[in-house]
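What follows draws every value from the coordinates through simple rules; no lab data is involved. Since this is a predicted model, take the numbers as computed values, not measurements. Cβ coordinates were reconstructed from backbone atoms using ideal geometry, including for glycine residues, and neighbour counts include every protein chain displayed.
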Amino acid sequence: MSTAGGQCAGGGRKRGLREDARKAGDPFPTAGQLSTRLITEAKRTPERSWLGDVSAVVLQQSLRDAETAYRNFFTSLKGTRRGAKVGPPRLKSRKDARQSVRFTANARWGITGHGRLNLPKIGAVKVKWSRTLPATPTSVTVIKDAAGRYFASFVIDTDAAADAIRMPETDCTIGIDLGLTHFAVLSDGTKIDSPRFLRRAEKKLKKAQKELSRKQKGSRNRDKARLKVARAHAKVADARREFHHQLSTKLISENQGIAVEDLSVAGLARTRLAKSVHDAGWASFIGMLEYKAERYGRTLVKIGRFEPTSQTCSTCGAVDGPKPLNVREWTCSACGTDHDRDTNAAINVKTAAGLAVSACGAPVRPGAIPAQREETGSHGFPTGNRAA
């Protein structure tokens, strides 16, 4: 979309001015100074007059995004930022597969009486609504993904009373053992098969990728082939996301307390199981459990990844030692109980989290794990508020 160029120009020029100030030993320019130089004054020059073709709010947001990126970079250098270290901001290209533009409340955007999205400097856009908005949105982010699809992601304030009615409190608790043979095994013995969306689509993806590799670079046929590959991948990602949403919502609605393992997905993704691990999407699923648990007043507990859940007898607590992956059933040498490996592990996950072994009527450990707040429009959700 045309606004991507404005974002690239604003963020790129800001990076240059900051680097010049750093090399000269001068103090970094303030946000107000950058706005004046990179937006107000730049619009008056012939070479950057095109900045006037987009909303000024969009340009301001690009400067704020660059400011946030620099703040994250500097805090990462100091070691005060949680998570993996981040590098300095990079320039954005118009050819990036994913582009986005954000309109805040002061951008004078709105929804028309006919259900269209009225955006400044763009006009009324026809929208296929996935749901009605439960409240007045405060901002909207328009996203173009790699498959050429456009989404509108709204930020709204949720109603706690409506959430409580939708998902009333329950006495049930559950432990979850995530895996590859089965996506999830619950402590009550339920086994949820892994859909393996990527594996099932591999043949089609391989054919599309082969066609792309045979197209001449820079040609229109290559652009068409690239779009075909992107749409095939988007279809797989959408199906996986929908599966995660349905399962996480079901577990949140039925259980007051949920226990999962804190898996090292990044470490597992460096093994020979990397493709299967990425296909399962454990991190995305746990992330959904986190923010839904916070929203609906549930308790989500993560246990340590080194807890010997597969080696411990859930009946007597004896540790029977490590077992190869091909061993799916085993008998406890101490009490003689026959165990299903995954169900036993799920029960141990629940016990290690401090939740009682019984399915319902158990006390739930207080204190929900707060969900991580993400940047507006960081995912390509359909129009409407974030899926729940």
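Here is how the numbers come out for the structure above:
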quantity: Exposed-loop-free span, longest in the chain, where GluC sites (Glu not before Pro) count as exposed if DSSP calls them loop and at most 11 other C-beta atoms lie within 10 Å; calculated: 170-373
quantity: Relative contact order, percent, the chain [alpha-carbon distance under 8 Å, six or more residues apart]; calculated: 17 percent
quantity: Whole-Hz ³J(HN,Hα) from phi, Karplus 6.51 cos²θ - 1.76 cosθ + 1.60, for the stretch 45-52, glycine and proline x; calculated: 8, x, 6, 10, 5, 5, 5, x
quantity: Exceeding the 22 Å Cα-Cα cut-off - candidates 128/235; 128/210; 121/235; 206/228; calculated: 128/210; 121/235
quantity: DSSP bridge pairs, the chain: antiparallel proportion in percent, nearest 5; calculated: 75 percent
quantity: The stretch 44-192: Cα Rg divided by the 2.2 N^0.38 Å rule of thumb; calculated: 1.47
quantity: 156, 303 arranged by Cβ crowding within 10 Å, fewest neighbours leading; calculated: 156, 303
quantity: Vicinal HN-Hα couplings computed from phi for the stretch 78-94 (Karplus, 6.51 cos²θ - 1.76 cosθ + 1.60; Hz; Gly/Pro x); calculated: 6, x, 9, 9, 6, x, 5, 5, 10, x, x, x, 10, 5, 9, 9, 5
quantity: Cα-Cα pairs of the chain separated by more than 26 Å (percent); calculated: 64 percent
quantity: Distant-in-sequence amide H partners of residue 184 (H built 1.01 Å from N, under 5 Å); calculated: 179, 192
quantity: Low-density loop cleavage sites - chymotrypsin sites (Phe, Trp or Tyr not before Pro) in the stretch 261-348, where at most 13 other Cβ are within 10 Å (DSSP); calculated: 306
quantity: DSSP-loop trypsin sites (Lys or Arg not before Pro) across the stretch 158-222, with at most 14 other Cβ within 10 angstrom; calculated: 214, 217
quantity: With Cα atoms, 0 to 90° folded angle of helix 282-295 axis to the chain main axis; calculated: 90 degrees
quantity: Extreme residue, positive dipole direction of the chain, given options 354, 109, 245 (C-beta unit charges); calculated: 109
quantity: Folded to 0 to 90 degrees: helix 197-213 orientation relative to the chain principal axis, Cα; calculated: 40 degrees
